[in-house]
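Contents: one structure, followed by commentary.
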Amino acid sequence: MRSAGPTELTKTPVDDLVAFEVATRDLVGVALRSVENLEVSLPQFRLLLVLHEMGRSTSTQCAQALGVVGSSVTRLADRLHASGHLVRGADPSNRSVVTLELTAAGRKVVTQITARRRRELSRVLDRLDPAQRATCAAALRTVHELLGDDYADNLYQPVPL
């Protein structure tokens, strides 16, 4: 008798799917609330976060990291440049390549928003039993591993079946 491979496991019960859908909605809510009353939108914050993680980068690199077209990054960068959150530059070896880099104000916003998210999550997670919290965290890490690190980069492509 052949053992079941990873793709041959039992179908996910509907109740489990609903629980994950609700958790996804809740986590999106945390992300949205973390930028409330701040001077940037969620899409702008995503660009700031990419620059925070990657450092000085080209517009093309940012677009790839965000999974969007270059013109979307240009619009976001226009607003963030005007508000003083990033600076534009040029690649010395190719003046037609636009680079983007965080300013002190941009770094401050990333720090503020990240701290707000962590406070919001901690407010709930601190109320869980430590063993239950560890189990949830382990399950989320596994889901992330199964989706893959580049899952969010492929938001506009078909979902693999």
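Each reported figure results from applying straightforward, stated rules to the coordinates on display, with no laboratory input. This structure is a prediction, so every number in the text was calculated from the model and none was measured. Every residue, glycine among them, receives a Cβ derived from its backbone with ideal geometry; neighbour counts consider all protein chains shown.
With each run of n ≥ 4 DSSP H residues scored as -39500 (n - 2.57), what mean residue ellipticity at 222 nm is computed for the chain after dividing by its residue count and rounding to the nearest 500 deg cm²/dmol?
Estimated from H runs of four or more residues: -19500 deg cm²/dmol.
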Trypsin sites (Lys or Arg not before Pro) lying in DSSP loop within region 1-95, provided at most 10 other Cβ fall within 10 Å: Arg2, Lys11
Using distinct alpha-carbon pairs, which all enter the 1/r mean, Kirkwood radius of region 39-101 in Å: 11.4
log₁₀ of I(q)/I(0) at q = 0.16 Å⁻¹ - the chain, Debye sum with one point per alpha carbon: -1.06
Chain lengthening between Leu27 and Ser71 when straightened (0.36 nm per residue, less Cα-Cα): 13.1 nm
Pair Asp149, Ala115: separation of 7 Å Cα→Cβ label points (nm): 2.9
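Determine the relative contact order of the chain: mean sequence separation of Cα pairs under 8 Å and six or more apart, normalised by residue count, in whole percent.
Numbers: 117 pairs, mean separation 34.1, N = 161.
Once divided by the residue count of the chain, the mean separation gives 21 percent.
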³J(HN,Hα), Karplus 6.51/-1.76/1.60, whole Hz, each residue of region 43-57, x for Gly, Pro: x, 5, 4, 4, 5, 4, 5, 4, 5, 4, 6, 9, x, 3, 9
